[in-house]
């Protein structure tokens, strides 16, 4: 038999230590259990907004080293043009287990190395020329990966069940562009709704399955990297705008299938 204790938050009630323990265990464990099968990466939020010479990092959640970190305040980090690619990373520097608590030391850093080290999560990357301004307003889907002066989210480390996936901002932007297309097929519209209604990043297995069905590619057991997925979505969007149906993008009529999400 298990006992579950929920405190009564009412005026005049005394919050005993046992109730505080129950509250602590419930709030901490709920997040850990929900995301226990997710890959390390951004779970939600953590948008990046340039403000003058400052990069402002919005509130969000990041999973790293099997722990959920809450970014609750407006974190910020100064930046300057270098003419070279720079990666904005969340980094777990140290973990110290003490008798009464576990202490995590984290930081946001700008790194000229684009490879992610152990316990590092990329939020974005950019290459800023001297005299230019960093921007987050995109002209179109392809513009997310414009080389200079653009906050590039295509390589951001986002978390999904079992593996990393594309940024929610990226897939939401794709979905909105699809819905702007009067020639979009029903399956594309359904997929766009699926992307926009989710509160978390798209499951990468679903994302790559959609890509394969649209392009006629064979199953690769989830080995398609996120950069390739981005470029394939770019090609799919271009095909939708031109009125190219799924089978004209690589499938025969007999291979067309309906994609349905619960």
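Conditions (1) surrounded by fewer than 16 Cβ atoms within 10 Å (Cβ to Cβ); (2) in contact with a helix residue (DSSP H, G or I) (Cβ under 7 Å, 6 or more places away or on another chain); (3) outside any strand (DSSP E or B), marked per residue:
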| site | (1), (2), (3) |
| --- | --- |
| 89 | no, no, no |
| 99 | yes, no, yes |
| 117 | yes, no, yes |
| 126 | no, no, no |
| 130 | yes, no, yes |
| 148 | yes, no, yes |
| 154 | no, yes, yes |
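Please enumerate the residues belonging to the stretch 68-94 that are more than 15 Å from residue 107 (Cβ to Cβ) and in contact (Cβ under 8 Å) with a residue 12 or more places away in the chain.
Once the filter is applied, which keeps residues that are more than 15 Å from residue 107 (Cβ to Cβ) and in contact (Cβ under 8 Å) with a residue 12 or more places away in the chain, the stretch 68-94 yields 68, 72, 74, 80, 81, 82, 83, 84, 85, 86.
Has the stretch 71-87 got any residue that is more than 19 Å from residue 135 (Cα to Cα), part of a strand (DSSP E or B) and in the same structural domain as residue 151 (by TED's automatic domain parsing)?
Scanning the stretch 71-87, I find at least one residue that is more than 19 Å from residue 135 (Cα to Cα), part of a strand (DSSP E or B) and in the same structural domain as residue 151 (by TED's automatic domain parsing), so the answer is yes.
Would you please name the residue that is modelled with the lowest pLDDT, looking only at residues in the stretch 220-248 that are over 23 Å from the mean Cα position of the chain (by Cα) and not in a helix (DSSP H, G or I)?
Across the stretch 220-248, the extreme among qualifying residues is 246.
For the stretch 142-162, what are the residues that are within 16 Å of the chain's Cα centre (by Cα) and more than 22 Å from residue 62 (Cβ to Cβ)?
Across the stretch 142-162, the qualifying residue is only 145.
Across the stretch 194-215, which residue is modelled with the lowest pLDDT among those that are over 23 Å from residue 157 (Cβ atoms) and in contact with a helix residue (DSSP H, G or I) (Cβ under 7 Å, 6 or more places away or on another chain)?
That would be 215.
Please enumerate the residues belonging to the stretch 132-145 that are exposed (fewer than 12 other Cβ atoms within 10 Å of the Cβ), without any contact (Cβ under 8 Å) to a residue 60 or more places away in the chain and under 24 Å from residue 78 (Cβ atoms).
137, the sole residue that qualifies.
Hey, any hits in the stretch 116-130 for a residue that's over 14 Å from residue 41 (Cα atoms), assigned by TED's automatic domain parsing to the domain that holds residue 236 and modelled with pLDDT of 95 or more?
No, because not a single residue in the stretch 116-130 is over 14 Å from residue 41 (Cα atoms), assigned by TED's automatic domain parsing to the domain that holds residue 236 and modelled with pLDDT of 95 or more.
For the stretch 178-187, check the following and say yes or no: at least one residue is in a helix (DSSP H, G or I), at pLDDT 95 or above and touching a helix residue (DSSP H, G or I) at 6+ places or on another chain (Cβ under 7 Å).
Within the stretch 178-187, one or more residues are in a helix (DSSP H, G or I), at pLDDT 95 or above and touching a helix residue (DSSP H, G or I) at 6+ places or on another chain (Cβ under 7 Å).
Just the residues that are within 14 Å of the chain's Cα centre (by Cα) and free of Cβ contacts under 8 Å to residues at least 60 places away in the same chain, please, taken from the stretch 172-219.
172, 173, 195, 196, 198, 202, 203, 204, 207
The values are calculated or read from the model by the stated rules, or taken from the named source; none is laboratory data. Here the structure is a predicted model, which is why all the values come from computation and not from measurement. Glycine gets a Cβ as well: all are built from the backbone with ideal geometry, and neighbour counts include every protein chain shown.
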